[in-house]
Structures are given as structure tokens and as C-alpha cells.
Amino acid sequence: MKPKKSLGQNFLTSIPARIAIVNAGNLTSSDTVLEIGPGKGFLTKGLLETGAKVIALEKDKELLPILTKQFSSYKNFTLTEGDALLSEPPHKKYKLIANIPYYITGAILERYLSHKYQPEQMVVLIQQEVAERIVARNGKKSARGGSASGGKESILSLAVKVYGDTKIVYRVKRGSFNPIPNVDSAVLSITNISRKNFINKKHEETFFKIIKAGFAHKRKYLISNLKESFPEINWQKLFIKNNLNEKIRAEDLTLPLWLTLAK
């Protein structure tokens, strides 16, 4: 069975990487794990050996008999055929742990973090550059609304961090996959997943509307982008009230201040 480019299949082959992913999940026999794209079952085996109940969601029909045969003796294994972007997650407490195809990373994170049935934790193996972008601004806020540490925010980083705490727990070299991708990867852990940052559903919806508006034109100042999308709002007044520099750009505004503007 040859890996399919169309499905972004890069099968993990590194035992140290597998150990790091499984350990990051802090799994016990009482846990339920949703694994997206189990592939040939390399990571699946490590997850099953913790005793956790593993629901493996696989889109590639060619892999289904391989996985069924390989894990026929495991009572804690359930195999489901389906598309991770269309299938419903478990309607109970679960953790999402997976080696995610690079081309759907953003879509997977957005779908499951914002879903009615959120995972309590996510441990995902993704492109290193994307993982670093997500955690880039985990530092303290500066006096002018920006961040004291390096890096820039993005729609993706804000959309992930608004739901949980992010941390890179392990870096994986490109040679740890078959076929070998053109980039290195990293294991991103997202813990304490909830909607605690939002007052209500309206606040959540408004938050995503304004971050998309704020990043609409990267060369423009944040206030210009916001005025363009929401001309009915007195943005000067809001910026003064929150001690924000009118020359700040979207990438320099911290998550707490985005939430305040949305409120």
C-alpha cells in the first residue's frame, strides 16, 4: 500500500516521537481517544497499549482491512470509516490525538476546538512552522497592547489559544516519516480546552468576525481594517478606552485585548 499524496499521507515511523505523543496525552484506561487518520496503525498501537479506548477515524478505504486485522485482538479499539472534517466527534469526554495531514491542519483545529463537543485535550503532530506560529506569543502583554515576547499573532494562533493552553512538547525531524516530507514537524499539546474566555455565543461569534476583519489587509493598521468592516463602531473611542496605539497592527495585539474589543 503506497501512501497517497492526495490524502496528505506521511506515515510516522519514529518510536521516540510516538512515545512523546502518547506521553503528552497522559492517558489512562478510563480515557477515550479520537485518532484522526491512523494510517497503518503505528501511533494507534502506542495509544492502545495505554489501555485507553481508541476510536480511529480513517478516510482511506484501502487501510481499513489492514487496521482491522492488525488490531483484531484489542477490545479497546474501534475503527470508523469517515472524513474528519465531516464526521461528528464523540458525544462524551474524549481526547483528540493524531498525526494530522499538513493541508488540513487549520481546518481540523478550527472544527474540533469550536465544536459543541470539544475534546478535553488535543495532541497533534503538525508542521513545525505552524506549531511555532501558534505558540509564538505565549508571553506577557506589553504596555501598548502588544506582546513582550517575540513572534507575531495570526488568525490561526488566536483561534487556537482562545480555547486552550498551547505548548510544543516535542520536535520531529522530517526523516521520521514515510514518505519523507519537505519540512520538520512538532507535537503541539492543547490543554484546558473550554469556552471560558467567552461570555456567551454572541461574544464568541463576534471575536472571530473581528479577528478576520483585523487581518484582512496585513499592511494596514488594525484600526483601519476594523473601520472598513464595522464602520458603525466608534473604534477611536474603543482604542482610547483600552489604551491602544492607533498604529498597532493586528499581528501585534494580544488575545486578551482581542477579547475585550469583541466584548
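Details
- Helix-only mean residue ellipticity at 222 nm for the chain, each DSSP H run of n ≥ 4 adding -39500 (n - 2.57), per residue, nearest 500: -9000 deg cm²/dmol
- Among 155, 19, 97: highest mean-square fluctuation, GNM of the chain, C-alpha pairs under 10 Å: 19
- The stretch 114-260: Cα Rg divided by the 2.2 N^0.38 Å rule of thumb: 1.15
- Stokes-Einstein D (µm²/s) once Rh is taken as the Kirkwood radius of the chain over alpha-carbon pairs, at 10 °C in 1.306 mPa s: 81
- FRET efficiency estimate (nearest 0.05) - Cβ-Cβ, residue 72 to residue 240, R0 45 angstrom: 0.10
- Binning the alpha carbon pair distances of the stretch 1-109 at 5 angstrom intervals from zero yields the distribution 2, 12, 25, 26, 23, 10, 2, 0, expressed in whole percent.
- Computed label-point distance, nm, for sites residue 64 and residue 115 using a 7 Å Cα→Cβ extension: 1.9
- Cross-link pairs exceeding 18 Å between alpha carbons, from the set 116/152; 161/212; 152/201; 227/263; 53/95; 45/167: 116/152; 152/201; 45/167.
- Kirkwood hydrodynamic radius over Cα pairs of the stretch 201-262, then Stokes diffusion coefficient at 20 °C and 1.002 mPa s, in µm²/s: 186
- Averaging the sequence gap over all C-alpha pairs within less than 8 Å and six or more residues apart, then dividing by the number of residues, gives the stretch 1-109 a relative contact order of 31 percent.
- Over the chain, Cα pairs under 8 Å with separation of 6+ residues give a relative contact order of 17 percent.
- Distance in nm between pseudo-label sites at residue 230 and residue 102 (7 Å out along the Cβ direction from Cα): 3.6
- In the elastic network of the chain, a GNM with C-alpha springs shorter than 10 Å, the most mobile of 65, 119, 38 is 65.
- Candidates 111, 219, 137, ranked by Gaussian network fluctuation over the chain, Cα under 10 Å, top entry: 219
- Rg ratio (alpha-carbon, reference 2.2 N^0.38 Å) - the stretch 153-203: 1.55
- Peptides ranked, highest mean first, by Cβ atoms within 10 Å: ranges 50-59, 67-76: 50-59, 67-76
- Here the label points at residue 201 and residue 83, each 7 Å from Cα along the C-beta direction, are separated by 2.5 nm in the simple model.
Computed from the coordinates by the stated procedures, all read-outs in this text should not be read as laboratory data. Because the structure is a prediction, the values reported are computed rather than measured. Ideal geometry is used to build each Cβ from the backbone, glycine not excepted, and the neighbour counts take in all protein chains shown.
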